[in-house]
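Report on the structure given below.
The values are calculated or read from the model by the stated rules, or taken from the named source; none is laboratory data. Remember, it's a predicted structure, so these values are computed and weren't measured experimentally. Every residue, glycine as well, gets a Cβ built from its backbone with ideal geometry; the counts of neighbours run over all protein chains shown. SASA here: full protein model, heavy atoms, side chains in, ligands and nucleic acids out. Shrake-Rupley method; radii C 1.70, N 1.55, O 1.52, S 1.80 Å.
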4 protein chains.
Amino acid sequence: MKIVGIAGSLRNESYTHKALGIAVQRVAALGAEVEILDLRKMKLPFCDGGDEFPEYPDVKKLQETVKQADGLILATPEYHGGMSGVLKNVLDLMSFEELSDKVVGNISILGGQSNSNSLNQMRIVMRWVHAWVIPEQIAIGQAWKAFDKEGKLLDAKLSERVDKFAQSLVENTKKLRGVG
Amino acid sequence: MKIVGIAGSLRNESYTHKALGIAVQRVAALGAEVEILDLRKMKLPFCDGGDEFPEYPDVKKLQETVKQADGLILATPEYHGGMSGVLKNVLDLMSFEELSDKVVGNISILGGQSNSNSLNQMRIVMRWVHAWVIPEQIAIGQAWKAFDKEGKLLDAKLSERVDKFAQSLVENTKKLRGVG
Amino acid sequence: MKIVGIAGSLRNESYTHKALGIAVQRVAALGAEVEILDLRKMKLPFCDGGDEFPEYPDVKKLQETVKQADGLILATPEYHGGMSGVLKNVLDLMSFEELSDKVVGNISILGGQSNSNSLNQMRIVMRWVHAWVIPEQIAIGQAWKAFDKEGKLLDAKLSERVDKFAQSLVENTKKLRGVG
Amino acid sequence: MKIVGIAGSLRNESYTHKALGIAVQRVAALGAEVEILDLRKMKLPFCDGGDEFPEYPDVKKLQETVKQADGLILATPEYHGGMSGVLKNVLDLMSFEELSDKVVGNISILGGQSNSNSLNQMRIVMRWVHAWVIPEQIAIGQAWKAFDKEGKLLDAKLSERVDKFAQSLVENTKKLRGVG
C-alpha cells in the first residue's frame, strides 16, 4: 500500500508540513509505504485547464507519483475559509486518471479557531474526481500553539485523533483497494 | 462606482473571460467604471501566506486595484467541483484590507452540466473576508456551446439572468457603499 | 424596520433560544421593531412541498409575519453538522414571497467545538431564496458553558461579536431596504 | 447485506419516491436485501435534540431498522437549495449508534436544473456521523419530465448513472463492511 502526502503550503516553517509529517509517520508505522511530494521543492505552473506541461517536468512527476498511489493525505493551510490556491492548483494539474478511486484523508491547519470550511471543500472536490474521502478528518486550530519544539502535537486528544485518522486511512485503503 | 473583474482562467480562448467580459460590459452600461485585471497578462506568484512579494510588482497592482474598487465580479472555470486554483491563489494574495466590504458577484463556467459547487465556495470564501456576495449568481454550463461567434450568449434566459446580475450588483453597491 | 427571530430548537432549556434572545435584544436596542416566532408555541406540519396548510393556521401566521419583516435572525442548534430539520422545515414552509430580499443574520449553537457547517448551509439556502445574508455570523461552541445564570454570554469577545452582528444587521437592512 | 432506503418527501405523487424506488430495485437486483422506510406511512415527531420519543413508536422502528442496515440510500427533494427539513429531521432522530460506518448513496430530485446543493449537504452531514458516502451520486433535474408513465427514467444516460450508483453501493458495502 502506497500513501502519498501533499501539503498545500509553501512556507519554510509551515505548520501544515508539520501536521502532514506527523500523519504520514503514523501511516508509515502502520506498514504503508509513504512518500511526501514537497511542493516547496517542486516547480509547478499555474494550471490553465490542460494536463500537459512539457516545460515543467515536475507536473509529470506529480501525476505519476499520485497515479501509483493507493491513498493520499492532503493537508492545507486554511486561507480565507478555503483550501490554499496552491493546493487547489496541484489538484487542478491532475484529473480522474490520477485521482479517481484513491482513498483520501484531509487535514486543515488554521491560525484561528478550528473550522471545517477547507475540509468540506476538499471533500467536495475529491468526490468530484471520484476519490473516497474517509470520514475521519483533522482540523488543527491556533496552529501556532499546537506543536511543541520537537514538532509533536501538544494536545493529547488531537494526537489521538490523528492516530484514528491514520488507522482509518490504512484499514480502509486495504478494504477499498484490496492492497495491504 | 468602480467595479473590478477577475477571471480565474489562463487560457487564451477562455469562456470564463468571455462571460466576464459580457458581465463587465453590462455593468459599465449601467454607469459603473469598470476595470478587468487580466491574469493572463500579470505575473503573480503562488501565495505562501504572506502579503508582500517585492519581486512581483503585479501583486501590488492587484492589491491596489482591488482596494480601490467598490465591487468585484469574480468568474471562474469550475475545475473538479471547485473554483480554479488560479483564482483562489489571487484571493489568497489579498486579505481583509482589499476585500472586506466589497460587493461581489460570482460567475462560474463549466464544461458539463451547470452546478453551484464553485459558486458556493466563492460565496463562503468571500464571506470569510467580509465581502457582500449578491444573491444573484451565474453558472454557465456546457460553455462550449453557450456563445455565438461574436461571443454573445445564445440562451436568451441566461442573457437576461446576466442583466439581472449586473443590475443587482450596481444597485446594491450603490446602497451598501453609498456610491453612485 | 422590523426584524423577526426564529430559533430552530424545540427544547425548553434551549441555548439556541438564549442566543437568539440576546441577539434580538441588541437589535431592538438599536431601534428595530422585533418579534420572535417561538416554534415551541406554534403548531406546524412537516412540509410536503406545498405552501397551503389550512389545518395549521400557524403556517399562515409564520408566512405573514416573515413576509412583513425587513430582516431575519435565524438561530439553529447544529445537529449532525447541519441546521436542525426543525428550522429547515420552517424555511421549507415559506418561499420567495416571504424570504426574498430579506436581510438575514445567522447564528449556530453547538455542543462541541464551534464550526460553520450549519452557518454555511443556512447561507446557501437563504441565498437560494434570494435573501441577503450579512457577512457577520455567530457560532457559539460548547454552549453548555457559554452562558451565565442570567443567560448572558460569558465570553466578552463573543459578546462583542454579537454586538457587531446586530449593528451590521440593522445598518445594512437600512441600506438595502431603505427603512429605518 | 441489507440496504435501507429513505425518501425525504411526504407527497403522494412524489418523484423522490420514484427515484428511490428505482435505485432500491437495482440494488436488490444485485443481491442486497432491501427495505424502504416510507415516511408517508410513519408518524414521527420533530426532533428536539433528544433520542427517545416513547409516544412515537415509529422513532424506535426507524432507529432499529437503520441500525441493522449495512447501507443506506437517502433521496431528497431539493427544497430551497437544501435537503428537505423532513429528511434532515429523520437524520436528527438518529445518531452515531445508527448511522456511523454505514455506506450511503445520495439522490436529489429537483424541479429545475440539476444541482448538487443538497447532495453536498447530505455528504457533509453523513460524514459528521462517520458514515461513508460513496463518490457516485444522482441529481435528477426537471423531475416532472424525467420519468415515463411506468415510472422509468427516460434519459438513458441517467439510467446508466443509477446503475453505476447501485453497483458502487453494493460493491463498496461488501468491501467496507465485509458482508456479502
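Could you give each residue of region D:38-49 its phi-based ³J(HN,Hα) in whole Hz, using Karplus coefficients 6.51, -1.76, 1.60 with θ = phi - 60°, and x for Gly or Pro?
Calculated HN-Hα couplings, in order: 8, 4, 5, 10, 10, 10, 10, x, 5, 7, 9, x Hz.
Which far-off residues, 5 or more places away or on another chain, put their amide H under 5 Å from the one on B:Ile36, with H placed in the peptide plane?
B:Gly5
Tell me which GluC sites (Glu not before Pro) from region B:85-180 have a DSSP coil assignment and no more than 16 other beta carbons within 10 Å of their own.
Within region B:85-180, the qualifying GluC sites (Glu not before Pro) (loop, at most 16 other Cβ atoms within 10 Å) are B:Glu150.
Evaluate the charge dipole of the protein assembly as shown about its Cα centre and quote only its size in Debye, nearest 20, assuming +1 on the Cβ of each Lys and Arg and -1 on the Cβ of each Asp and Glu.
0
Where is the GNM fluctuation largest for chain B (alpha-carbon springs, 10 angstrom cutoff): B:Ala23, B:Ala75, B:Ala156?
B:Ala156
Quick one: with label points 7 Å out along Cα→Cβ, list the inter-copy distances for C:Lys149 in nm, shortest first?
4.6, 7.4, 8.2
What's the magnitude of the charge dipole for region C:104-180 around its Cα centre, counting Lys and Arg as +1 and Asp and Glu as -1 at the beta-carbon? Answer in Debye, nearest 20.
220
Please give me, ordered by residue number, the trypsin sites (Lys or Arg not before Pro) of region C:90-180 that lie in loop per DSSP and have at most 10 other Cβ atoms within 10 Å.
Of the trypsin sites (Lys or Arg not before Pro), the ones in loops of region C:90-180 whose Cβ has at most 10 other Cβ atoms within 10 Å are C:Lys149.
Can you list, shortest first and in nm, the gaps between the label point of A:Thr65 and those of its counterparts in the other copies, using a point 7 Å from Cα in the C-beta direction?
List, nearest first: 3.4, 5.0, 5.8 nm.
Which of the trypsin sites (Lys or Arg not before Pro) found in region D:31-96 are in a DSSP loop and have at most 13 neighbouring Cβ atoms, other than their own, within 10 Å?
Those that pass, being in a loop and sparsely packed, are D:Lys43.
Pick from A:Gly141, A:Gly81, A:Gly49 the residue whose mean-square fluctuation is largest in a GNM of chain A, springs joining Cα atoms under 10 Å.
Result: A:Gly49 has the largest fluctuation of those listed.
With each run of n ≥ 4 DSSP H residues scored as -39500 (n - 2.57), what mean residue ellipticity at 222 nm is computed for chain A after dividing by its residue count and rounding to the nearest 500 deg cm²/dmol?
For chain A, the value works out to -12500 deg cm²/dmol.
Would you kindly derive the ³J(HN,Hα) couplings of region D:165-171 from the backbone phi angles with the Karplus curve 6.51 cos²θ - 1.76 cosθ + 1.60 (θ = phi - 60°), listing them in order in whole Hz, with x for Gly and Pro?
4, 5, 4, 4, 4, 5, 4
Quick check on chain C: of the DSSP beta bridges with both residues there, what percent are antiparallel, nearest 5%?
10
Note down the relative contact order for region D:1-141 as a percent, whole number, built from C-alpha pairs under 8 angstrom at least six residues apart.
The normalised contact order for region D:1-141 reaches 26 percent.
Within region A:1-105, how many Lys pairs that are eight or more residues apart, or on different chains, come under 14 Å at the alpha-carbon?
6
Which residue fluctuates the most in chain B, going by a Gaussian network model with Cα springs under 10 Å, if the choices are B:Glu33, B:Glu78, B:Glu13?
Comparing B:Glu33, B:Glu78, B:Glu13 in a Gaussian network model of chain B, the most mobile one is B:Glu13.
If we restrict to alpha carbons, what Rg and Dmax does region B:1-144 come to, in Å?
According to the Cα coordinates of region B:1-144, Rg and Dmax are 14.0, 41 Å.
Over the heavy atoms of D:His17, what accessible area does a 1.4 Å probe trace out, to the nearest 10 Å²?
30
Quick one: net charge of A:Lys43's neighbours, Cβ under 13 Å, K/R +1, D/E -1?
Counting the neighbours of A:Lys43, the net charge comes to +1.
Which chain B residue hugs the B-C rotation axis most tightly by its Cβ, and what is that distance in angstrom, to the nearest whole number?
Residue with the nearest Cβ, plus whole-Å distance, for chain B: B:Lys175, 2.
Using a simple spin-label model with points 7 Å from Cα along the Cα→Cβ vector, what separation in nm is obtained for C:Arg11 and D:Ser159?
Spacing of the two 7 Å Cα→Cβ label points: 4.9 nm.
If the label for D:Glu160 sits 7 angstrom from Cα along the Cα-to-Cβ line, what are its distances to the same label in every other copy, in nm to one decimal, shortest first?
When each copy's label point is compared with this one, the spacings are 3.4, 5.0, 5.9 nm.
For region B:1-46, with the dipole built from +1 on Lys and Arg beta-carbon atoms and -1 on Asp and Glu ones, taken about the Cα centre, which of B:Pro45, B:Met1, B:Gln25 lies farthest toward the positive end?
Selected residue: B:Pro45.
Using square roots of five times the C-alpha gyration tensor eigenvalues, list the equivalent-ellipsoid semi-axes of region D:65-124 in whole Å, biggest first.
22, 11, 9
Between D:Phe96 and A:Lys43, take the C-beta separation as r, use R0 = 51 Å, and let me know the FRET efficiency to the nearest 0.05.
Efficiency for this residue pair is about 0.65.
Per residue of region B:110-122, in order, report the coupling 6.51 cos²θ - 1.76 cosθ + 1.60 (Karplus, θ = phi - 60°) as ³J(HN,Hα) in whole Hz, putting x for Gly and Pro.
Once rounded to whole Hz, the list reads 10, x, x, 4, 5, 7, 10, 4, 5, 4, 5, 5, 4.
Determine the per residue accessible area of region B:1-64 with all protein chains present and a 1.4 angstrom probe, expressed in square angstrom.
Per residue, region B:1-64 has 51 Å² of solvent-accessible surface.
Under a 5 Å amide H to amide H cut-off, with H placed in plane at 1.01 Å, what residues pair with A:Trp132 once short-range neighbours are removed?
Counting only residues 5 or more places away or on other chains, the set is A:Asp101, A:Lys102, A:Val103, A:Val104.
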